[in-house]
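Below is one structure; the comments refer to it alone.
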Amino acid sequence: MHIHSSIELGIGLLLLAGLVASILSARFNIPRVAAYLCAGILFSDQLLGSSLHIHSSSWGELLTDISLSIIAFIIGGSMTIPQMRRVGRVVIGSAIGAALLAMICVFTVISIYAYFDDGGVINLTIALALATIATTTAPAGTVAVLHQYRAQGPITNAILGIVALDDALGILLFSFMLVIIGNESFFSSVTHIFNEVFGAVIFGALMGWVMAKSSKLVRQSKLRLPMIVGFILVSLAISNSFNFSQLLTLMSLGFFVRYFLGSAGDKVFSTLEYFEEFVFIIFFTLAGTHFNLNIFTDYFFVIILYFIARAWGKIKGAQLGASFAKPLKGSQWIGYGLIPQAGVAVGLTLTLSYQPGFEEISFIILNIIIANTLLSEISGPFFTKYGLQKTGELGIKRRSKRQ
Amino acid sequence: MKVTEWLQKHTAKYCQLLIDEEIETILNKVIQHPQQIDYYVINHEQQVVGYIPLNKLANYVFAEHQPAQTRRQIFERIASGNAEELMTRHFSFCYEDEELDDITHRFIENNLKLIPVLDQDKKLISYIDIFPLIKESHNNLL
């Protein structure tokens, strides 16, 4: 009997490999994200991928688009306006400071490298793409450390707020970057930003209003999921047709659904949050299939530069942002909790493969981000623990396993 | 049997939360009514406008003990709001003049343990607990 290579086989194998990786990571207490990536790496061309004929080019784009749309929708609806007011100036200031300085640092360092790397592939487009991706942070790793060490206090709360907020900033900056790179002149960029960004926000708000109204009619919980997925897919398709930014449309949809539904929005988002892990398995294993050992070795110095510049930018940016917003004792340690980078960064990078202007270089960016994800997921908990130790907000360590 | 008749036999103490009460006040009230599992929220006209399940309050109280949290849960943890933001607006209820047989299916369909009883002005009169209903139904079968 011969099993033909197919889309179903590719997706199925990646999901099952991710599942096994998840079980093993819990059993051996290793970062889950690293396990998912390794599961995907097993199916890369240099390993099993070529013999099993797993090529994601035909289905990867659709899967990435839908998965990232779900994540953008969840991120958009994660915070309400009253929460934004209550969360405090320190969180908002630090999140903006950390995102902007990380972006500036990565862009500067990679641009300098590109300048001296005469004849190399690294260029300003790669620098700009890496810089915007550098703004995102993965909350899971940081939350796990705060839980493990029973951390409590104002710095802990600030870190939590920032890790939950800065993916939204990252998506916003990434969308701006795509518009800028996709246009030839500055004037053309400005008009496109107006169309793509404002169009996306207004269209997302309109769809959010319609979805909120529809949601009130859907009383049966089992019908909620088809409604949500339906609205996400329709919004995605229409935003593509009108050249609105997909990510911003979906984030705006999530934000306005939560705004129009108020407390009833919880039911919509809790239904979809079950899918977050599913989406991340797809992202990481799919990203893993693009692994290329040669890029790791050829661009090892760029990977290290990216990691250091991002970490420094996050640490100093969070401190600067906090000091501008409101003086807070121990604010210099906030940034230490912002080192992990995973799901959203990998998701954004995967979309680059299908963006005009990135066809040739997305492979390099993806491998740099995979390497950084592994590095930051392993080192992130140590940074977080160190920072919180300095603030005195760590409690007694739990004996439970890492999640 | 009418709901009113049932309530005469089965009185219940209940806790109402005001729509603009903050989380600390809510918790202070809730711990005095351990028998309840859903807490009804009323507006300034005393009408019931939603409810907060105990599970949601437990999520807030034990937030720091959860090893994994979604972004939404993180914001609820660090920027918790008042009863209006916490409550669920859609809820099952019954009127005092309804037949008891007509409301039992609402427990099953909506996976509820309590159903609030309202008067025609949407003000809370009491609630019906599923446990005495099961007990009575079981005794009648024996």
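Just so you know, all these numbers are worked out from the coordinates, no wet-lab data involved. Since the model is a prediction, treat every value here as computed from it, not as a measurement. So basically every Cβ, Gly included, is an ideal-geometry build from the backbone, and we count neighbours across all protein chains shown.
Quick notes
- Mean Cβ neighbour count within 10 Å, used as a protection proxy, ranking A:352-361, A:240-249 highest first: A:240-249, A:352-361
- Tensor-based shape of the range A:249-288 (alpha-carbon gyration tensor, a/c under 1.5 rounded, otherwise prolate or oblate): oblate
- Among the listed pairs B:Lys29/B:Lys135; A:Lys222/B:Lys13; A:Lys316/B:Lys29; B:Lys13/B:Lys56, a Cα-Cα separation exceeding 32 Å is found for A:Lys222/B:Lys13; A:Lys316/B:Lys29.
- DSSP bridge orientation in the range B:3-137 - percent antiparallel, rounded to nearest 5: 70
- The Cα center of the range A:266-291 and the Cα center of the range A:15-60 differ in position by 14 Å.
- Listed peptides A:170-177, A:97-104 appear in the order A:97-104, A:170-177 once ranked by packing, highest mean of other Cβ atoms within 10 Å at the front.
- Longest to shortest principal axis, alpha-carbon extents of chain B, angstrom: 49, 36, 26
- The antiparallel fraction among DSSP beta bridges confined to the protein assembly as shown stands at about 75%.
- Hydrodynamic estimate: the Kirkwood radius of the protein assembly as shown over Cα pairs, inserted into Stokes-Einstein at 4 °C and 1.567 mPa s, corresponds to D of 51 µm²/s.
- Per-selection metrics, the range A:94-184 (Cα): Rg and Dmax in Å: 16.1, 51
- For A:Lys329, the aspartates and glutamates whose Cα comes closer than 20 Å to its Cα, not counting residues fewer than 8 places off in the same chain, are A:Glu393.
- Per-residue mean of C-beta atoms belonging to partner chains within 10 Å, peptide A:81-94: 2
- A P(r) calculated from all alpha carbon pairs of the range A:1-100, with 10 Å bins opening at zero, reads 13, 28, 27, 21, 10, 2, 0 percent.
- The distance from the alpha carbon centre of the range B:63-142 to that of the range A:77-149 is 43 Å, rounded to a whole number.
- More than 23 angstrom apart: percent of Cα pairs within the range A:206-304: 42
- Span-like helix criteria (full DSSP H runs; alpha carbon extent of at least 24 Å along the helix axis; mean Kyte-Doolittle hydropathy of at least 1.6) are satisfied in chain A by A:7-28, A:89-116, A:154-181.
- Sorting A:381-393, A:189-201, A:251-263 by average packing, meaning the other beta carbons within 10 Å per residue, from highest down gives A:251-263, A:381-393, A:189-201.
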